[in-house]
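Visitor: What follows is a structure written as C-alpha cells; I'll ask about it next.
The values are calculated or read from the model by the stated rules, or taken from the named source; none is laboratory data. Note that the structure is a prediction, hence the values are computed from the model and not measured. Neighbour counts are summed over all protein chains in view; Cβ atoms, including those assigned to glycine, are modelled from backbone coordinates with ideal geometry.
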Amino acid sequence: MSRDSSPDANLYRQHLAALQQRAEAALAATGHEALVIASGIEKFAFLDDRPYGFQPNPHFKHWVPLTEHPHSWLAVRPGRKPRVVVYQPADYWHVPPSPPSGAWVDEVELVLISEPEQAVAALQDVLGPRTAVIGELDAALPGITPNNPEALLHRLHWARACKTPWELAQMRAASRRAAPAHAAARAAFLAGASEAEIHRAYLVASSHTDRDLPYANIVALNEHAAVLHYQHQDVASPPQARSLLIDAGAQVNGYASDITRTTAAPGHERFAALIELMEREQLGLVAEVREGTDYRDIHLSSHHRLARVLLESGLARPGTSAEALVAERVTHAFYPHGIGHLLGLQVHDIGGHMASELGGTRERPEGHRYLRLTRTLAPGMVVTIEPGLYFIPMLLDALRASPAAAAVDWARVAELAPYGGIRIEDDVACGAGDAAPENLTREAFARMGDAQ
C-alpha cells in the first residue's frame, strides 16, 4: 500500500511518532522493554447474554482509531512500528466490526485474527518479564496478563493531557458533529417537543445512536435543569415549557466533544436575560485559558464572576459585595460543581489531579471538592469551561437556614426557580505562549452558520 501524503495522513503519522517517542521514554524510565495494550472485551449483564455497549481501553484508541474492536491488542517496541492485532470474527449473529482501513493502516504492522486466543501467538515475541501490559484484568489470555505498572501509567497519563495536532483535528470534528445537533435540539424545544423527542432530534442531526454518544445526553426541561446529571427523558411534553438545558456531545475516532447550552422559551425574558449574563461571564472565563495559568484560578474566578451575575440579576440584594457572596459560600449554593475538566479520549479525561509525570496529587482549593482539574495549563490541553447557575432546592434550603440568607432576594429566587438552572459549556484548546485559546465549540457553531 502506498504512503498517503494527505494532510490527515501526515497529521496521523506525526501523532504516531509522538506517541512512540513518549512510550519509548516511559519504557526506558520505568525499566520495561515493551508495551502491550488490550482493547478490552465486551461486558455482559449479570445472568444474561445481553452485552453492554463496548467501551475500548482509551490507551488502545489513543494509537489507532478503532473503537468497536474488542479482543484486539497493540504492541509497542522501541524502534519498531506498532503492531496492531485486530480481532475480525466470522459472525452470522451480529455484524462484525469493519475491517481496518484508512491512511493509518500504512503506519502499523497489522495482524488479523479470527479467534481471541490467536492473539497469544501474534504477540509471543513481544511478551517477556519486562513487558508492561495495560488493560482490564478480564482481558487476560494465557501468557498475557495486564500488570498496569503504576509508574508507566503516570507518565502516559501526564503526557496525554496535551493533544497532538491530529488529536485536535478529531476534536474539532467532534464539535462540528455536535453543533448542528444542538441546533436541532433547540428547534425541537421551541416547537414544543418533549425531552425524549428533543433527544431523538439530537441523535438524528448528529448521525449518532445512543451507543455512539460519548456520554448519555442530559436533556432537561424546566425544573429538571436543577439536577446536574439529570438522567431521565420524559416522553410527554410539560404543560408549559419554560427552559431547556441540554448537555450533549459527539464522537469522532474515539475523541469526544462535550457541549452544554441553555435556552429560554419565547416570552420568558427575565430568564433569557439571566442566560445573557452567564454567557458574558462564560466567555470571559474562556479567555482565561492560557499557557501557564493554574486551572484552579479559573475555577475560583468563576465564583467571583457568578457573584457579579447574582448582583446584576437581583438574585443577591443590593449592597452585598461580590467578595462576601463568595466568602460566605452563597455562590456555592447556586453553583456547586467545578468549572470543567480535561477532555479527549474520555469525556472526563484522566490525569486531571496529577502533580507531575511521577504521579502525586495536586489538591483542589479548600472547599471545592468537585473540581476535576487542578493542573497548570499547557499548549494542546483541551478543557471544558462550564459555569452554572442553578436553583437546587436542597442547597437553597440550606442557604436559607444560614446567616448568609440575608444576602439573597428570595422572592427573585422563587420567580426563577421554575426554570431549573443554566449551564453553558464550551470545549477550549490552550494555545502556546500569548496565543488566544481556540474555542472548538464556538468555531463549530460559527462554521455551521456560515454554511447556512
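Visitor: Residue 341 passes all but one of (1) surrounded by 16 or more Cβ atoms within 10 Å (Cβ to Cβ); (2) in contact with a helix residue (DSSP H, G or I) (Cβ under 8 Å, 6 or more places away or on another chain); (3) over 23 Å from residue 276 (Cβ atoms); which number fails?
Guide: (2)
Visitor: Can you name the residue in segment 275-316 that is assigned to a loop (DSSP other than H, G, I, E, B) and in contact with a helix residue (DSSP H, G or I) (Cβ under 6 Å, 6 or more places away or on another chain) and, of all such residues, is farthest from residue 244 (Cα to Cα)?
Guide: Only one residue tops the list, namely 288.
Visitor: Please pick out the residue among 28, 9, 23, 17 that is modelled with pLDDT of 95 or more and surrounded by 13 or more Cβ atoms within 10 Å (Cβ to Cβ).
Guide: Values: 28 fails: surrounded by 13 or more Cβ atoms within 10 Å (Cβ to Cβ); 9 fails: modelled with pLDDT of 95 or more; 17 fails: surrounded by 13 or more Cβ atoms within 10 Å (Cβ to Cβ).
After applying the criteria, what remains is 23.
Visitor: Quick one: residue 50 ticks every box in (1) surrounded by fewer than 17 Cβ atoms within 10 Å (Cβ to Cβ); (2) within 25 Å of residue 210 (Cβ to Cβ); (3) charged (D, E, K, R); (4) within 25 Å of the chain's Cα centre (by Cα) except a single one, so which number is it?
Guide: Only one criterion in (1) surrounded by fewer than 17 Cβ atoms within 10 Å (Cβ to Cβ); (2) within 25 Å of residue 210 (Cβ to Cβ); (3) charged (D, E, K, R); (4) within 25 Å of the chain's Cα centre (by Cα) is unmet by residue 50, namely (4).
Visitor: Kindly check whether there is at least one residue in segment 55-75 that is of a type outside the set (Gly, Ala, Ser), modelled with pLDDT under 95 and either outside any loop (DSSP other than H, G, I, E, B) or not assigned by TED's automatic domain parsing to the domain that holds residue 108 (or both).
Guide: Taking every residue of segment 55-75 in turn, none turns out to be of a type outside the set (Gly, Ala, Ser), modelled with pLDDT under 95 and either outside any loop (DSSP other than H, G, I, E, B) or not assigned by TED's automatic domain parsing to the domain that holds residue 108 (or both).
Visitor: Residues in segment 71-78: is at least one surrounded by fewer than 17 Cβ atoms within 10 Å (Cβ to Cβ) and touching a helix residue (DSSP H, G or I) at 6+ places or on another chain (Cβ under 7 Å)? Reasoning before the result, please.
Guide: Within segment 71-78, the subset surrounded by fewer than 17 Cβ atoms within 10 Å (Cβ to Cβ) is 78.
Going one step further and asking which of them are touching a helix residue (DSSP H, G or I) at 6+ places or on another chain (Cβ under 7 Å), we end up with 78.
Checked against the condition, which is being surrounded by fewer than 17 Cβ atoms within 10 Å (Cβ to Cβ) and touching a helix residue (DSSP H, G or I) at 6+ places or on another chain (Cβ under 7 Å), segment 71-78 yields at least one hit.
Visitor: Enumerate the pairs (first residue in segment 282-304 and farther than 10 Å from residue 377 by Cβ; second residue anywhere and part of a helix (DSSP H, G or I) and among the β-branched types (Val, Ile, Thr)) with beta-carbon separation below 9 Å, excluding pairs fewer than 6 apart on the same chain, so at least 6 apart or on different chains.
Guide: 285/298; 300/326; 302/331; 303/326; 303/331; 304/326; 304/331
To keep it simple, each residue is scored yes or no on (1) farther than 16 Å from residue 58 by Cβ; (2) in contact with a strand residue (DSSP E or B) (Cβ under 6 Å, 6 or more places away or on another chain).
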site	(1), (2)
83	yes, yes
90	yes, no
99	yes, no
102	yes, no
108	yes, yes
127	yes, no
133	no, yes
142	yes, no
149	yes, yes
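Visitor: Could you say whether any residue in segment 240-252 is of a type in the set (Ser, Thr, Tyr), more than 30 Å from residue 168 (Cβ to Cβ), part of a loop (DSSP other than H, G, I, E, B) and over 17 Å from the mean Cα position of the chain (by Cα)?
Guide: No - not one qualifying residue is present in segment 240-252.
Visitor: Have a look at 28, 34, 38 and point out the one that is in contact with a Lys or Arg (Cβ under 9 Å, 6 or more places away or on another chain) and under 16 Å from residue 149 (Cα atoms).
Guide: Selected residue: 34, the only one of 28, 34, 38 that is in contact with a Lys or Arg (Cβ under 9 Å, 6 or more places away or on another chain) and under 16 Å from residue 149 (Cα atoms).
Visitor: Residue 403: within 26 Å of residue 277 (Cβ to Cβ), modelled with pLDDT of 95 or more and in the same structural domain as residue 425 (by TED's automatic domain parsing), yes or no?
Guide: no
Visitor: Have a look at 331, 320 and point out the one that is assigned by TED's automatic domain parsing to the domain that holds residue 272, in a loop (DSSP other than H, G, I, E, B) and modelled with pLDDT of 95 or more.
Guide: 320
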